[in-house]
Amino acid sequence: MNTRSYVAASRRTLLAAAIGAATPLPALAQAAPRAPRNVLATVAMVGDVVREISGGRIRAETLIGEGVDPHLFRPTRADIARLLSADVVFASGHRLEGRMGDVLDRVRAAGKPVIMIAESIPRDRLRANPDYPDSADPHVWMDPSLWSEASVAAAEALGRLAPDLRETFADNLAKFRERLARLDAYARDSMATVPANARLLVTAHDAFAYFGARYGLEVESIQGLSTEAEANLAAIEALVRKLVDRRVPAVFAETSVPDRAVRALIEGAGARGQRVALGGNLFSDAMGKAGTYEGTYEGMIDHNVTIIARALGGQAPARGLNGRLAA
C-alpha cells in the first residue's frame, strides 16, 4: 500500500471510530441511570411520612432539624439553595412554617411543586386559627387519624414524581396507615385510663388541641398556637388556680420550647400547697433525634401518649406501644 492509500485508510478508520464513539449503543442507552429524584421536607414529621411512603426509593431529606422550632426558623442561603434544587418540596402548611412563606413562594415561582400535606384535609375537620382566619391550627399531626389522611397527599405527589413507582408507594401508604390506626387505638385506650380530675393537659404552647379533641382531654397552654406569642402572667395565674382546684398531678414541657413558664406553673402551685410535677418533655413541633425510635412520627406520638397517660395517673407500658421507647 502506497503512502497516499495508507493515509486515506487511516482517515476512514479514525472517522468510523469517532462516529462509533458519538453514537450510543442501544444496550448502553438502556442501562444509563435515571436522573436522581430528590425531595425535601420542611419539618421532620412531614419528612417521616415521605420516607415511609417512598420506602427508600427516593432520596428524602428534612430541612429543619431536631429540636428546632419551625415557627421561628429562618432559612439561610444554603437552605434556600437546597429548597430550589429539590424536585419536590413537602411542607405541612397552615402557616406552621410561618417565616418560610416567602421562600416557599419563590420555590413555586421557580416551577417546583410545593405540597402542603395538612392543607389536603377538609377545613371543616380542622381547628380554627384565631390569629389567621385564612389558616387552620397547623398542629394536625397530633391526631394520628388526621395525619393518616394527610399522608395520602404525600403519596399522590410522589406518584406524580415517579409514576413507575406508584404501586410501591400505594402499598407503603397502606402499611403506614395501618400502623397509624394501631397507634390511634393505643392512644385512645391509654387516655381512657386517666382519672376524671386529671384529664387536663397543660403544656408550653397550644400544640395539643387536636390531641385533646381526639382523646377526650381538656387542653390548656401558656402560649398560643405560635411560640412567637409571649407568655401572659394573668394566664399563668389562671392556670395555677385550675391546677390546684382540680388537683392535677403534672404539667408538661416541650422539647422545642423553653420550659421557664412551665416551671413557673409548678412553683405557683407549690406556693398554694399543691404538688405539681414536671410530667416530662413532649414532642410538639419537632421529633426526637434522627435515627432513634422517637425520631419517627410513630415513636413521637407513642412517647407523648405514654408520658401523658402515666404522668396524669393513667396506665400505659413504660416502654410504650411497641416496647421501643428509651428507658
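Worth pointing out:
- Straight-distance candidates among the lysines for linking to Lys175, with alpha-carbon spacing under 28 Å and chain neighbours fewer than 8 residues away dropped: Lys289.
- The Cα-based radius of gyration of the chain, divided by its Kirkwood radius, gives an Rg/Rh of 1.19.
- Student exercise, region 161-307 dipole from Lys, Arg, Asp, Glu Cβ charges, in Debye to nearest 20: 580
- With the convex hull of the Cα atoms taken as the outline of region 37-92, the averaged projected area works out to 3.7 nm².
- Highest-MSF residue in the chain out of Val140, Val50, Val194 [GNM, Cα springs under 10 Å]: Val194
- The 1.4 Å probe gives accessible areas that order Asp259, Asp134, largest first, as Asp134, Asp259.
- Per residue, in Å², the accessible surface of region 82-145 once ligands and nucleic acids are set aside, probe 1.4 Å: 44
- Net length gained if the chain between Arg324 and Thr292 were fully extended (0.36 nm per residue, minus Cα distance): 10.6 nm
- Unit charges at the beta carbon, dipole of the chain: most positive-side option, Pro163, Gly93, Ala238: Pro163
- Atom-type composition of the exposed protein surface of the chain places 53 percent of the accessible area on carbon and sulfur (1.4 angstrom probe).
- Heavy-atom surface of region 199-321, accessible at 1.4 Å and reported per residue (Å²): 39
- Order of exposure, largest accessible area first, which applies to Glu294, Glu156, Glu220 with probe 1.4 Å: Glu156, Glu220, Glu294
- Normalised by the number of residues in the chain, the mean separation of alpha-carbon contacts (under 8 Å, six or more apart) gives a relative contact order of 16 percent.
- Positive-pole candidate from Ala327, Ser151, Leu40, dipole of the chain, charges at beta carbon: Leu40
The values are calculated or read from the model by the stated rules, or taken from the named source; none is laboratory data. Please read all numbers here as calculations on a predicted model, not as lab measurements. Backbone-built Cβ (ideal geometry, glycine too); neighbour counts: all protein chains shown. The protein model used for the area step is the full one, side chains on, heavy atoms only, and it has no ligands, DNA or RNA in it. Shrake-Rupley method; radii C 1.70, N 1.55, O 1.52, S 1.80 Å.
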